[in-house]
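The values are calculated or read from the model by the stated rules, or taken from the named source; none is laboratory data. What you see is a predicted model; the values in this text were computed from it and never measured. No Cβ is skipped: glycine too gets one built from the backbone with ideal geometry, and neighbour counts run over all protein chains shown. Note: accessible area is taken over every heavy atom of the protein model, side chains too, but ligands, DNA and RNA are not part of it. Shrake-Rupley method; radii C 1.70, N 1.55, O 1.52, S 1.80 Å.
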Amino acid sequence: MGVISLSGLNDPQREAASTIDGPVLILAGAGSGKTRTITYRIAHMVDNLQMDPKTILGVSFTNKASKEMKERVITLLGKRKARGITLATFHSLGVKILKEEIHLLGYHKNFSIYDTSDQTSIVREALKSIKTEKTFDRKQIMSKIGYLKNKGIMSEDFISSVYFDEDDPYDLMVEYVYRYYQDKLKFYNAIDFDDILNLVVRLFREFPDVTTKYSEKFKYVMVDEYQDTNTLQFELIMGLTKTHNNLCVVGDDDQAIYAFRGADVSNILEFEKKFEGAKVVKLEENYRSTMPILDLANKVIKENKNRREKSLWSKIESSDRPFLWLTADTDHEAQVVVDEIVQHQGRGGHLGDMAVLYRSNTQAQPIEDQLRLSQVPYTILGGQKFYEKKEVKDLIGYLSVILNPKDQIALRRILNIPHRGIGNVTLEKYLNLSEEKQVTLFQALELEPGLDPRRHDQIVHFTKLIRKFQNSFENSPLPEAISAMVDDIEYLKFVEKSYDSVKQVDQRKNDVHMFVESAVRFLKYNQGQGSLKMFVERLLLQDNQDERDEDDDDDVRKNEVTMMTLHSSKGLEFDTVFLIGMEEETLPHKRVLQLGEDIGEERRLAYVGITRAQQKLVMTYCKERKLYGRDSVRHKSRFLNELGNFYTEQDRTTFGHLTEDEATEYKSSFFNNLIDGLDE
């Protein structure tokens, strides 16, 4: 007799965990304990119902989710009883099946899985093999091929599919490259990541015996995050349940935010149509957030028409309603958010309890700047820190050398940026000279510019530029001096030549403009007196802190603010959440509005962001926001206009109850404190 008790589950959770046969849809609202429910369901099947563990399959989307499920099942059952249960991601399951069956498709069983660099090499080779005057972006072509594969469109089918436009030069090129690419993969007995599910589904279509084999092997199939499944994954699930109807899916259509990856929310909305006799169990009790936060979330999502009716509730009461802060502009938004974080830290609060969420990565940089100025450690999940981007590091390298020509690491970074033809052979000669004469590398360049006669003019030009910049930074305001430096080295032209696509070039140029803006912001904080030395020291101080954090234990590293996009935040939770940029053309996004698309997914993104907060939620919007170097007037998001009195609005441009003079004094002392910390 088994010993797994379901008494610790609430009534709907217990109903879901004890319903084993037939199709079951567990509609699991945010924070409703879905992982606990499905792991208890698995343990109940093995321990109480004595089912063979080898017949149970649990599929999730990420290795992290799969690992967490395994650990929880082992905790409940122990390693011995849990042995044999298959808990995998869609792709790891696909690889297991292909290792057994891929020979049926004409591959050898010892196939390779090519990574991005391998894929790029073949695409580059394909583009070289065809003569054309037009330049094509490799990444754009690879992205289209991946998209087609996830739609189940093979290379030979593309030209006759609805996804092919004969008037689009890119589609014509993709048609050629896709066929070339797949022929090469087959020749090398290789597949790529997007082939995995595509080939498994092809096996299931062409070889019914294979489908039957795996359906009979896995008699009980469970799928996590079902709202995120795409066409191929749905077909795979249909194949795995071909000989039985024992399918349990867990998901929440209100958190379906991955349409851009091909996810099809209709899979969960139409579950009962596709699986006759399905039982639906709703998990609506939330164990994460206070009721005022859930009231707001429920109100937001109820405006979506195409959804399953459910309403989150919680036993966690609170008198604190979510806040909406009106801020003056982008910089002011960053100031008031980070000021709140600093105050929380000053009260002994834990930085790991706080997260800043945003719709687009372009919103992150002003917050990053303010966190760095305030010496607040932070991490960015699913993205790259602004000051770790290549172009930003190039410019910091220049500033470091201008400030200190002895900085050999920075000098070696920028010596051939933009390209001056100064390669490793020339550099080696000057490194030897530097050692021989006991001088710095920069001094060696100045002393003997003709050491490599072919590079004499370039080296003279470079060293004179550095000396010129030293003078200009002493006599010009910091932002102006940086802008002049960017112009003098023709850095934007260098960026244009470094990337294939217009979009990439525009993004990198914008990073350069934002770096100049960070100097403007720094100067403003320092009341017009910020020096190059202070600016560079602030940047390098934060970088050194980042480096040290890598060696600290997990608990120390967790004591940092988390920043991420709304897409990256799903599945996470924080005591306090700052949801910034609740504005028209930010959330909902401008692109969605321009294309006239359904804004349902944008509203779901807002819902996901709101439900990440446990105790405190602060939303912000700006009167003006700086976008690509220009100030644009902003308007409150339509989602806020739908919310009535479910939040408390505060106009932070007046600093709450302070008079204008008091606010000016407050701001002055706040920024002076930042600079005092800098000088220390």
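Principal-axis analysis of the Cα atoms of the chain puts helix 478-488 at an angle of about 90° to the longest axis.
Accessible area ranking (1.4 Å probe, heavy atoms, ligands and nucleic acids excluded), largest first, for Lys636, Lys54, Lys623: Lys54, Lys623, Lys636. Cross-link reach is defined here as a Cα-Cα straight distance under 18 Å, omitting same-chain residues fewer than 8 places apart; for Lys67 the aspartates and glutamates meeting it are Asp224, Glu225. Measuring only protein heavy atoms, the 1.4 Å probe finds His513 accessible over about 90 Å².
For the chain, the direction-averaged projected area of the alpha-carbon convex hull comes to 35.6 nm².
Classify segment 196-281 as rounded, prolate or oblate, taking a ≥ b ≥ c as the square roots of the eigenvalues of its Cα gyration tensor: rounded when a/c is under 1.5, otherwise prolate if a/b is larger than b/c and oblate if not. Oblate, since a/c reaches 1.5 and b/c is not below a/b.
Pairs exceeding a 27 Å alpha-carbon distance, out of Lys109/Lys217; Lys54/Lys310; Lys302/Lys616; Lys99/Lys570; Lys149/Lys503; Lys299/Lys636: Lys54/Lys310; Lys99/Lys570. Taking 18 Å as the limit for the C-alpha separation, the pairs Lys389/Lys623; Lys406/Lys437; Lys406/Lys468; Lys64/Lys282 exceed it in the case of Lys389/Lys623; Lys64/Lys282. Each Lys or Arg adds one and each Asp or Glu takes one away; over the other residues whose Cβ falls under 9 Å from the Cβ of Asp192, this sums to -3.
Every Cα-Cα pair in segment 232-347 was counted, and those over 24 Å apart are 52% of them. What you get for the chain, charging only the Cβ of Lys and Arg (+1) and of Asp and Glu (-1), is a dipole of about 1880 debye around the Cα centre. The three principal axes of the C-alpha atoms in segment 600-657 carry coordinate ranges of 34, 32, 20 Å, sorted with the longest axis first. Ordered by solvent-accessible area of protein heavy atoms (1.4 Å probe), largest first, the residues Ser360, Ser18, Ser32 come out as Ser18, Ser360, Ser32. Other residues with beta-carbon under 11 Å from the beta-carbon of Arg591 carry, at +1 per Lys or Arg and -1 per Asp or Glu, a net charge of -1.
In terms of overall dimensions, the C-alpha atoms belonging to segment 553-646 reach 46, 31, 26 Å along their principal axes, ordered largest to smallest. Please report how far the C-alpha centroid of segment 12-53 lies from that of segment 418-487, rounded to the nearest whole angstrom. Value for the Cα centre distance between the two parts: 67 Å. In this structure Glu340 has an accessible area near 30 Å², from a 1.4 Å probe over the protein heavy atoms.
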